[in-house]
Amino acid sequence: MPELQRLRADHAPAVLAFERENRAYFAGFINDRGDDFFTRYDERHRALMAEQDAGVCAFHVLVADDGAVLGRFNLYDLEDGTAALGYRVAQEAAGRGVATASVREICRLAVDRYGLRRLRAAASDANIPSQRVLLKAGFVSVGPAEPSELGGKTGTWYERDLTDLPGASEGGTSGQG
């Protein structure tokens with residue numbers, strides 16, 4: 001059974017493999033990360049770990065039983081009880097409810113581990129599967145996303161009020177987990 005884990009330094013090889021294996025698939029929905037992302041991934045991963053250690057972001061990977069990464073679920077810009085959510089799921093796992101279940105789990109973690117009350121996520125107009133995931137996970141459309149916010153693509157911002165989740169009434173925990 002896949003497990004959502006907080007990103008660690010030793011995840012780097014599996015995350016890089018995930019990104020390489022799904023590069024063309026992801027490019028169908030979002031802008032390609034470019035060759036530099038892949039050639040300098042070790043440096044990028046260290047930078048992500050530093051951001052996470054500083055408490056401004058919280059990165060998670062969905063790990064299969066064999067250690068392969070099936071998805072990434074990230075909280076960015078944690079501030080004043082809010083954060084932005086970004087995620088991507090491997091082509092092999094798409095369409096099986098993995099993204100929806102993991103977004104629901106990240107919402108629970110947002111409350112329990114990070115003390116958040118609201119999440120925001122943007123999806124391009126072309127990314128119908130991502131829009132469906134957000135709606136199934138309790139997000140609601142709140143308005144258009146500027147092309148500059150989505151790599152040149154038009155789209156929509158969604159928000160999820162987390163105060164209805166268990167633990168939210170206590171405000172979750174304030175630690176970085």
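Things worth noting here:
- Projected area averaged over orientations for the chain, convex hull of C-alpha atoms, nm²: 9.7 nm²
- Long-range amide H partners of D125 with built H, under 5 Å: T154, G155, T156
- Table column - 3J(HN,Hα) (Hz), region 55-70, Karplus curve with 6.51, -1.76, 1.60, x for Gly and Pro: x, 8, 9, 9, 9, 9, 10, 8, 10, 6, 4, 8, x, 6, 8, 9
- Net charge dipole, region 70-123: roughly 160 debye, given to the nearest 20, about the Cα centre with Cβ charges of +1 for Lys and Arg and -1 for Asp and Glu.
- Amide H contacts of R113 (H built 1.01 Å from N, under 5 Å, at least 5 apart or other chain): T173
- For region 157-165, backbone phi angles converted through the Karplus equation (6.51, -1.76, 1.60; θ = phi - 60°) give residue-by-residue couplings of 8, 10, 10, 10, 7, 8, 5, 8, 7 Hz, Gly and Pro being listed as x.
A short reminder: the numbers here are calculations on the coordinates, not readings from a lab. Note that this is a predicted model, so its numbers are computed, not measured. Every residue, glycine as well, gets a Cβ built from its backbone with ideal geometry; the counts of neighbours run over all protein chains shown.
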